Amino acid sequence: MIVIKLFWWLGNQMFQYAIGKELAIKNKTELYLDTGNFHHDIRNYELSIFDIHAYIATQKQMPFYQKEITNPLLFKLRYPFQRICKKLDPRYIIENPKHPKIHRWMYDFNPKILDLTGYKYLEWNRQSEKYFLDIVNIIRKDFLLKHPIDDEKNITTLYKMKETDSVSIHIRRGDYIWSDFAWICEKHYYQQAIDYITSKISTPTFFVFSEDITWCKENLNMGKKYLFYRLEYQRKFI
């Protein structure tokens, strides 16, 4: 049995699911998703929009110490509590034993992770497609939307993307500016990417999604064709 503790936003949850799916298939076992973290967080479980194949974990599938963290006091002390649990139970694989931060190793590939067998409870955030390259077609199928897009704004945007040489740019600044565990890509990073695309495609149309549209307009040169879509912190159109 593989149990993945989900946390953070949609993109992170997708990576966490994909790694869990790889391990579940490799071990010929079920995949369970622990969504309990969202009871204490402003974030939500967001994978329900996809046609994924996993079970929502109940207390039956979770280690005893994870059940105890539902206690409000222990939840406040969860990071030292988790470090102790990791030492006591080798099945508990955790890579954020302190306050969750973005670490460079999150983006590196560690092949030893794919050797995990038996019951494993994983709480981590690894962002490398190398963990699930051999099941990439399964992952792509799982991440198909359950229901077709039916709201007017998204349908219009989708139509524009299909009718042009569309290039999507996501520029996240808002919460990263004041966050103490993230870093921001600077102007030259985006401009270099824009210039590269422009050198390869004669008439690209850039679709820019950001919380900080003002910064995008003032700092980026995207030629003649571009559209801006303002995002809230919680990734919703406004």
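Summed over the stretch 9-58, residues that are out of contact with any Gly (no Cβ under 9 Å at 6 or more places or on another chain) and over 20 Å from Glu129 (Cβ atoms) total 19.
Which one is surrounded by the fewest Cβ atoms within 10 Å (Cβ to Cβ), of the residues in the stretch 114-147 that are closer than 18 Å to Ile49 by Cβ and β-branched (Val, Ile, Thr)? Going through the qualifying residues, I end up with Ile138. For the stretch 2-61, filtered to residues that are of a type in the set (Lys, Arg) and more than 25 Å from Pro111 (Cβ to Cβ), the residue that is modelled with the highest pLDDT is Lys60.
Within the stretch 166-186, being modelled with pLDDT of 85 or more and exposed (fewer than 15 other Cβ atoms within 10 Å of the Cβ) holds for Ser168, His170. Filter the stretch 148-165 down to residues that are loosely packed, with under 11 Cβ neighbours inside 10 Å and within 30 Å of Tyr196 (Cβ to Cβ), then give me how many there are. Matching residues across the stretch 148-165 total 5. Count of the stretch 134-164 residues, restricted to those that are farther than 26 Å from Lys26 by Cβ and among the aromatic types (Phe, Trp, Tyr), is 1.
The values are calculated or read from the model by the stated rules, or taken from the named source; none is laboratory data. Model, not experiment: these values are computed from the prediction. Glycine gets a Cβ as well: all are built from the backbone with ideal geometry, and neighbour counts include every protein chain shown.
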